[in-house]
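The values are calculated or read from the model by the stated rules, or taken from the named source; none is laboratory data. Quantities reported herein were computed from a predicted structural model and do not represent experimental measurements. Counting neighbours? That spans all protein chains shown, and the Cβs are built from the backbone with ideal geometry, glycine included. Side chains included, ligands, DNA and RNA excluded: accessible areas come from the protein's heavy atoms. Shrake-Rupley method; radii C 1.70, N 1.55, O 1.52, S 1.80 Å.
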Amino acid sequence: MDPTLKLLVFLILVLANICPIKSDFRHCEKVVKNWAFSSLQERVKEDNEHTLRDLLFFLHVPRTGGRTYFHCFLKRLYSNAQECPRSYDKLRFDPSKQECRLLATHDDYSMMSKLPREKTSVVTILRNPVDRIFSTYEFSIEVAARFLVHPNLTSATKMVGRLRPGATGVSTLDIWPWKYLVPWMREDLFARRDARKLMGSIDIKRNDPYNMEEMVMPLQEYINDPRAHELIHNGETFQVAGLTNNSYFVESHEVRRCVQKHKILGEHVLEVAKKRLDDMLYVGLTEDHRESATMFANVVGAQVISQALTENSSMEGAGNSKSEQGSSRSESEPDNDDHQDSNADHNADETGSTEDLKEKKETMSVGKLMEAYEGCISSLRKTQSRRRKASLKRISPANFSKEDRSRVSEVVTEQIRSLNHLDLELYKYAQEIFAKQHKHVVEKLSSTDDMESMFNNPGGITMWKFLWLAMCIVFLALVFLFVNARRRMSKVKI
């Protein structure tokens, strides 16, 4: 073939490939920009975004420690009657229900499209993206390993199928994103176990549980799988923006596809996510655990307690009436300890928890809330640790620890950073917000402590008594002088 003709054919093929790419980029740029613009227009402008509104939406990003906040803070601040029935896939409650005051869920920010936006406050917790990927990988395997008590995958799957029709609560397999990640890892663990049985005894010499392919899927294989790209990478940004594959936004799938294909377009999604954080009542950080918990108690807890104390008696009467109805209904229902979010538990505990919570709130303070939190988190961590150890025994010697994480190759760690570039930027921004909120809370506490010290200190009490006595004496002296002056004036007139 003539060289000139060859060159012409080559150029035609190159242009044929380039044109669709450019066309797709232009399409994606338009889709992403339009979504970002409309999202920013929907922002609720408030004079004080740090004021708690009627409904609290806890946007629980997976593997950030949110379960601890839910059980050790929110369950102490809100009664079961005030908690919205949670669903991780579909909205199953009426937001107009007056006593529905708390929604805690793995749903993304698109849930706000179903809520009364001007009456809803949002709180969330973010985590260092690299650590969150490690934790997601570990938890996926930990939960999947619980099914290894079964002789094979078919048996395990049938067991789950038998339990679900009669289940009244929400199990891990119903919750996004675990409803996708756990079955994936469960299938993989059974396949590797079957392979080991065929090969006979295996001498595993590697001491890196993140690269122990005879037992579990290696971390590098996990992060490069399409399912990880769809569900995990940049998950914090997509969840805060409202663009997960569990989103209520119609355009979410196309926006997410465009951002994943054209990295540069991610900046528009990141900008929306940052603005969402700006509008939130509270943004915590997993790594700054103690400071985050203290700030949550002072920013959120204090306002919930204050709201409870100022509620009018008619609302309380209506709440008591509904609680009694829930109690009578639950007496005939069996307990279900297998599901932490079961509706049976919700109804059975409704009356007692409502009455107990009201009594507790009357004497509750931020200090007492923190004391209760410390005891709760200690107990919760022990329970989680025992369950984790029991689960990972089934895939021994593949165990996971912070020390093991430090031995993961820099190549893999750097790849995690690259795949989560949006989350890294969002986390930095969250740190800035956290620093500002922390400074504000510290200043507020300092001024409050100064006033309290005047009253709580023995010396302070003496000083205030002295000032009060002095003011009384001055007042009496002024009254005495005024009375005498009137008498003199009356004598002069006579």
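Based on the mean of other beta carbon atoms within 10 Å per residue, what is the order of 298-305, 173-180, 233-240, 372-379, most packed first?
233-240, 298-305, 173-180, 372-379
Hey, if we sort H262, H50 by accessible area with the 1.4 Å probe, largest down, what's the order? Intermediate values should be presented prior to the final figure.
Details: H262 25, H50 70 Å².
Descending order: H50, H262.
How many nm separate the modelled label positions at D131 and E221, each set 7 Å beyond the Cα in the direction of the Cβ?
2.9
If you take the beta carbon distance between K261 and S38 as r and set R0 to 30 Å, what does 1/(1 + (r/R0)^6) give as a FRET efficiency, to the nearest 0.05?
The calculated FRET efficiency here is 0.90.
Please list, in order along the range 436-441, the HN-Hα scalar couplings obtained from phi with the Karplus expression 6.51 cos²θ - 1.76 cosθ + 1.60 (θ = phi - 60°), rounded to whole Hz, x for Gly and Pro.
Whole-Hz 3J(HN,Hα) from phi for the range 436-441: 5, 5, 5, 4, 4, 5.
Within the accessible area of the range 112-232, what % is carbon and sulfur when the probe is 1.4 Å and the other protein chains stay in place?
Numbers: 2730 of 5300 Å².
Here carbon and sulfur together make up 52 percent of the probe-accessible area.
S418 versus S201, label points 7 Å from Cα toward the beta carbon: distance in nm?
Inter-label distance under the simple model: 4.2 nm.
Work out from phi, with θ = phi - 60° and the Karplus expression 6.51 cos²θ - 1.76 cosθ + 1.60, the ³J(HN,Hα) of each residue of the range 210-219, listed in order in whole Hz, and give x for Gly and Pro.
Here the 3J(HN,Hα) series is 7, 9, 10, 5, 5, 9, 9, 5, x, 4 Hz.
With every protein chain left in place and a probe of 1.4 Å, what is the accessible surface of H253, to the nearest 10 Å²?
110
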